[in-house]
Amino acid sequence: MAAVAMRLPVSRKAAAPSGPRGGEKHLVAPGDTITTDTGYMRGHGTYVDEEKLIASVAGAVERVNKLVCVKALKTRYNGEVGDIVVGRITEVQQKRWKVETNSRLDSVLLLSSMNLPGGELRRRSAEDELAMRDYLQEGDLISAEVQSVFSDGAVSLHTRSLKYGKLGQGVLVQVSPSLVKRQKTHFHDLPCGASVILGNNGFIWIYPTTEQKDEEAGGFTTNLEPVPLSDREVISRLRNCIVALATQKLMLFDTSILYCYEASLPHQIKDILKPEVMEEIVLETRQRLLDLEG
């Protein structure tokens, strides 16, 4: 007989109000009037009709001085210079790679915008162009930084630092880009024994923390040794915690992921994605974040 999991109704604890302290966010749906004041400037996600500023997308209203824009809750990634992204190589072309970064158009990684193996600095030759598939081929995952944004919205990437480059063993989680909080650093070594790269484009890479950090050869060497079971369990738990936070629409950053990981420890890894367990651990995480804000 196959095992059957049965879940019985339980009484839930009353949830404390989880809104930001200092006022609720102004949420709008398409067609909602944001303001009738003509002194405001029209930003992204808005249009003017009969001297009224109206939302064209569903999201949160953001005001910067007199500029009003609506940040969509669910959207494709819109690149900004300096963003950290995780992407997948989709095509090898002449002197460039096409990269899928969850944006409307494929991103571009030029051969001249990356470190050569060993980190040597020289002009790219025809031999380098012929060896492009040895560096990165279709299906490889990379971490990179946005170098520039073209007029059509396409993104140009670079990997000119040893912290960027080809990604080895780990797990990729895809969430909405609007859920990843912008921070000074998006590379985090968590105390639980794993590391995460929180891509601004909604691609999150979870991998075992390496002990030697200085033997990176230009970001091309990937460690293919078997990952211990304990590390795999930590990575699986982190992955389920991130999915739970994204399902409950909680912002993703190092502190929220760590609090959620700690709240999930009493439960088995496979149980984290059960609706009632997910709600319980995310509620505890939200409460701890509110207490942290004071």
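If we keep just the residues of the range 246-255 that are in a helix (DSSP H, G or I) and in contact (Cβ under 8 Å) with a residue 60 or more places away in the chain, which is farthest from Arg232 (Cα to Cα)? Among those residues, the one meeting the criterion is Ala246.
Quick one: is Arg239 basic (Lys, Arg), open to solvent by 20 Å² or more (accessible area, probe 1.4 Å) and closer than 30 Å to Leu136 by Cα? For Arg239, the condition - basic (Lys, Arg), open to solvent by 20 Å² or more (accessible area, probe 1.4 Å) and closer than 30 Å to Leu136 by Cα - is met.
Name every residue in the range 171-185 that is assigned to a loop (DSSP other than H, G, I, E, B), touching a Leu at 6+ places or on another chain (Cβ under 7 Å) and open to solvent by less than 40 Å² (accessible area, probe 1.4 Å), in order of residue number. Scanning the range 171-185 gives a single hit, Val175. If the condition is being within 21 Å of the chain's Cα centre (by Cα) and not in a helix (DSSP H, G or I), then the range 261-294 contributes Ile272, Leu273. Within the range 175-194, residues that are modelled with pLDDT of 90 or more sit with their Cβ atoms under 6 Å from residues that are among the charged types (D, E, K, R) and surrounded by 14 or more Cβ atoms within 10 Å (Cβ to Cβ), at 6+ positions apart or across chains, in these pairs: His188/Asp254. Comparison of Val70, Val61 shows that the only residue that is in contact with a Leu (Cβ under 8 Å, 6 or more places away or on another chain) and not basic (Lys, Arg) is Val61. Where residues in the range 261-283 are within 23 Å of Asp189 (Cβ to Cβ) and in contact with an Asp or Glu (Cβ under 8 Å, 6 or more places away or on another chain), which of them is most open to solvent (accessible area, probe 1.4 Å)? Only one residue tops the list, namely Ile269. Could you say whether any residue in the range 148-164 is of a type in the set (Asp, Glu) and either farther than 28 Å from Asp231 by Cβ or crowded, with 19+ Cβ neighbours inside 10 Å (or both)? Yes, there is a match, as at least one residue in the range 148-164 is of a type in the set (Asp, Glu) and either farther than 28 Å from Asp231 by Cβ or crowded, with 19+ Cβ neighbours inside 10 Å (or both).
Looking across the range 186-209, the residues that are assigned to a strand (DSSP E or B) and surrounded by fewer than 16 Cβ atoms within 10 Å (Cβ to Cβ) come down to Phe187, Asp189. Quickly run through the range 104-143 and pick out the residues that are open to solvent by less than 60 Å² (accessible area, probe 1.4 Å), of a type in the set (Gly, Ala, Ser) and under 27 Å from Glu80 (Cα atoms). Passing the criteria: Ser107, Ser113, Gly119, Gly139, Ser143.
Only strands (runs of 3 or more DSSP E) wholly contained in the range 49-91 count here; list those with 2 or more residues that are in contact (Cβ under 8 Å) with a residue 60 or more places away in the chain. It comes to 67-72.
Report the residue count in the range 66-86 for those that are at pLDDT 90 or above and loosely packed, with under 11 Cβ neighbours inside 10 Å. Adding up the residues that qualify gives 1.
The values are calculated or read from the model by the stated rules, or taken from the named source; none is laboratory data. On a predicted model such as this, the values are computed, not experimentally measured, just so you know. Please note: Cβ atoms are built from the backbone with ideal geometry, for glycine as well, and neighbour counts cover all protein chains shown. For the accessible areas, the whole protein counts, side chains as well, though only heavy atoms, and no ligand, DNA or RNA atoms are used. Shrake-Rupley method; radii C 1.70, N 1.55, O 1.52, S 1.80 Å.
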